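S.K.: Quick one: structure below, then a few questions.
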Amino acid sequence: MKALDRRGIVGELASRLFQSPLERDRSFYRRYRELSGVIDEAPDALVAYTLRGELNLERGEYERARTDFGTAVELADALDEDQGWHLIEQVMRDRALYGLEVAREALRVAR
């Protein structure tokens, strides 16, 4: 938090917006590893699958994104049948469905 206090909110935003390609890659892989670690520890982590799918989508890894989003939708549907809906799960399911549609379309266009 010290960096944010020193540069302020505008400085923090600017540094995130204008990252070098190397910094963006490092950030991507750090976030990807963290989400994969969560999934390894909790294979039913609907939120982690959705967020990792969005990272894959951002990088153009459409097949991986489709797999993560598909798993997230399956987990959400199982949750709906077993335990009922909660707001976070509803939002993540909707995001996963949208991401799944985008990934499928990108794969279709690529063929």
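S.K.: For the peptides 19-26, 68-75, what is the packing order when you average, over each peptide's residues, the other Cβ atoms within 10 Å and list the highest mean first?
M.R.: 68-75, 19-26
S.K.: Assuming a viscosity of 0.692 mPa s and a temperature of 37 °C, what translational diffusion coefficient in µm² per second does Stokes-Einstein assign to region 20-84, Rh being the Kirkwood radius over Cα pairs?
M.R.: 267 µm²/s
S.K.: Applying a 10 Å radius around every beta-carbon, put 50-57, 90-97 in order of their mean neighbour count, most first. It would help to have the intermediate numbers written out before the result.
M.R.: Numbers: 50-57: 23.1, 90-97: 17.8.
Highest to lowest by the protection proxy: 50-57, 90-97.
S.K.: Still on this model: Counting only heavy atoms of the protein chains, get the accessible area per residue of region 42-111 (1.4 Å probe) and round it to a whole Å² value.
M.R.: About 61 Å² of surface per residue is accessible.
S.K.: Could you please state how large a percent of the accessible area of region 8-111 is carbon and sulfur, counting protein chains only and using a 1.4 Å probe?
M.R.: Taking all protein chains in place, region 8-111 shows 53 percent carbon and sulfur surface.
The values are calculated or read from the model by the stated rules, or taken from the named source; none is laboratory data. The structure displayed is predicted, hence computed values, not measured ones. With ideal geometry, Cβ positions are generated from the backbone for all residues, glycine too; neighbour counts draw on all protein chains shown. Remember, those area values only see protein heavy atoms, side chains included, never the ligands or the DNA or RNA. Shrake-Rupley method; radii C 1.70, N 1.55, O 1.52, S 1.80 Å.
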